[in-house]
Each structure stands twice: as structure tokens, then as C-alpha cells.
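Report on the following structure.
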């Protein structure tokens, strides 16, 4: 099937919606799992489905109302009426019992995301029922789960490490060889689905629980479960104790919770099916976005850096620049110190001369130097180990964990557009 150019230039959800169509038509998921349903379908059914999806890509936005301004705590659950919705979790993990140890002795990092894209508005249950003809092709949405995991070298063991610690480091060190996992499924036959309290795509799942004993109206507890490989699975628990910061951009709403403590476990199977469990704790950033899908790509792109520092503060930095790489760059930064109101600070952002070369051929800085105007903060954020790229439809971005050194230590995540090709030193990853 030849796609129109305007479809190829569309934003990310439209791109993976088409990928979902291709996978569904082949009766299997993009994760490579065996097909759940082996029913046969006629060529006319496939043609009708293809035409229906392409029509929605062109005109679907007109079917959905623009979301109202964020209203917390009501908007902390899933939004079945939105055209697009996404939950993401970024966490840096440690083997220690205290989550704060992830700031100084990180051993692994996880980026997990669950997206839902509606083909048409629904009223009632999110999961579509078969149509009058009993066709199992009938569905009203497609969902995607994406999981990237990375770790520091398993050789970097603490001095005098116990057997349990050494075993944990080896288990997490093996994650360096786990490929990025991505699964696209239709919202039918329980392959994927969403309710106000849960979302799932295959074996990956997010559950939201409201705790009635806490006085905060926004108090929620969450569990995120993800299959990292056929032999490894991770489950993480975390709570949000206060209302997060919410914002709107166009017809897309977002709220974000920063520096949230997480705990959980990595379960690994050996060649004989014996399971070993590695306890984990860490710090995370958790976000939810919902609304209508933006269209097209602008001339300006934004790089972001979110850091948790060893003095219990966290730093949010953004840099806007022209897509061409030419012209001035604008940096804005907000420091969230414990017990204080957020403060805007003047910050310099400098990419390292040495860059990392991704599989796509794009280059990204290996590290980023940040320095405050009063020189009280001078840190370098270095890519933990390897790159993870995502094609948004308008550009390719790297989204990776970083380790912080300098006047402060810590961890965080960076989201970057590719560097212009300038012949700088590059390291292949």
C-alpha cells in the first residue's frame, strides 16, 4: 500500500497506527508474539479496514472535541473520549533499599510508555464489540507499548559487595543486551484495552488505584508491569501524594510528577525455567498526556533535560532551537528545591564535542554541561550507556537516561533532536 505524503509527514500516533494496521493484517503483533486469533478474513474486509483507517488519519481530528482545561484530580484517570492518550514512566533504579541511593549508585534505567489512539469516538466501554456480521476486525482503537531498559556495567561492583548484591548487578547488567521492545495491538479480543483505572497492551500493564485513606485529593498508587524479554519481567510500584503540575499546549493536555520514589522487582528466568527475583528501588518521572493529535512539524524543536539531584532538588531544563540547527538557542530552567517554591534560574547549556552515533545514522551529544550564572551549579549529564531513538513522524529523537557529576550528583533523562552533521568526533553505539 502506498501512503500519501501527508500521512508520512504526520505526527507519531498516526505513524504507529499504520504500523498497527500492517501488523494486524498479518494476524500478529509487532512485538513478534504468536497471533492470538487465527481467524481468516476476506480481501474485501482488509480493503474496507485499510480505507477506514486512512480516512480517519485524514479527517479523524474533526470527530473529536478539544479537551477542556486540565481538572485535577478528575483528570488523573484514563480518558476514553480523547483521540490520543499516553502514559510514560522514566525511572533510574538502584539495588539499595533506599530510593535515594539511585541518585548516587544507579544500576539501571527504564523508559516505559503506553499510548492509545482512537479511530472514532466511543460512548461506553473502550473495547469495541464485534459488528452485526460477527467480524472480529471491528475495533475502535489501537494501542502501543514501548519499553527501553539500560544498565551500567555489571563489572562496576561496590567494594565488598555481598553475594546478593553481586547477583543483582549481574541480573541488571544483562539488561544491556535487551533490545527495545515495542508492541502494537488493536483494542479487541483483550489484546489491548483501557478503562479509567487500567491500560494494557499484551503483557504490559498500568494499574491506577485510588486510596481513600489519604487526605490528598490527588493521592494515587500505581503499578507498572512490563515484559523486557521472554526471560525477564519487571514490576514497579509508586504513589503520587500531591497534585502534579498540569499544562495545555494547543489541544493536548499534560500533567507530570517529578522525582517520585519507586520500588519493585526484576524477575529473571534461567535456561531451566528457574526464577530469580532482584529487588529494586529508585526515582521516577511520571506523565500523562491526552487530547487531539497535533499535526505537522514546526521550524522550532525543543530539547529537554530533567534531573534529580543529591540535595533532594530536581531541575527541569528546556532548550528551543531551529530544526536546521542554525540561529540562536534559548534555554529556560526551573529549580524545584525541597520546601521552596519553584525558581527560574539562568543556565548555560553546552553539548559535548564528542557525539554518539545511533543506528539510524543520527548523532547526539555524549554529554551535556550545565552551568548556572552564579556558578553555584556546574554539572555534566552523561548518557548512561546506549542510545534509544523514537521516530515521532516529524523527526527522530533520542530519549535516554543520564548520570550527573560535578557540584551535584544525580540522575535524570534527556530528550534530544539529532545534531547537525558537522564532522565532530563520533562514537558508534
| task | Show me 408-414, 200-206 ranked by packing, highest mean number of other Cβ atoms within 10 Å first. | result | 408-414, 200-206
| field | Mean Cβ count within 10 Å, highest first, over the residues of peptides 353-366, 262-275 | value | 353-366, 262-275
| request: With a 10 Å radius around each residue's Cβ, average the other Cβ atoms per peptide and rank 253-261, 333-341, 144-152, highest first. | output: 144-152, 253-261, 333-341
| field | Distance in nm between pseudo-label sites at residue 203 and residue 348 (7 Å out along the Cβ direction from Cα) | value | 4.9 nm
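Just so you know, all these numbers are worked out from the coordinates, no wet-lab data involved. For clarity, every value in this text was computed on a predicted model and none was experimentally measured. Neighbour counts are summed over all protein chains in view; Cβ atoms, including those assigned to glycine, are modelled from backbone coordinates with ideal geometry.
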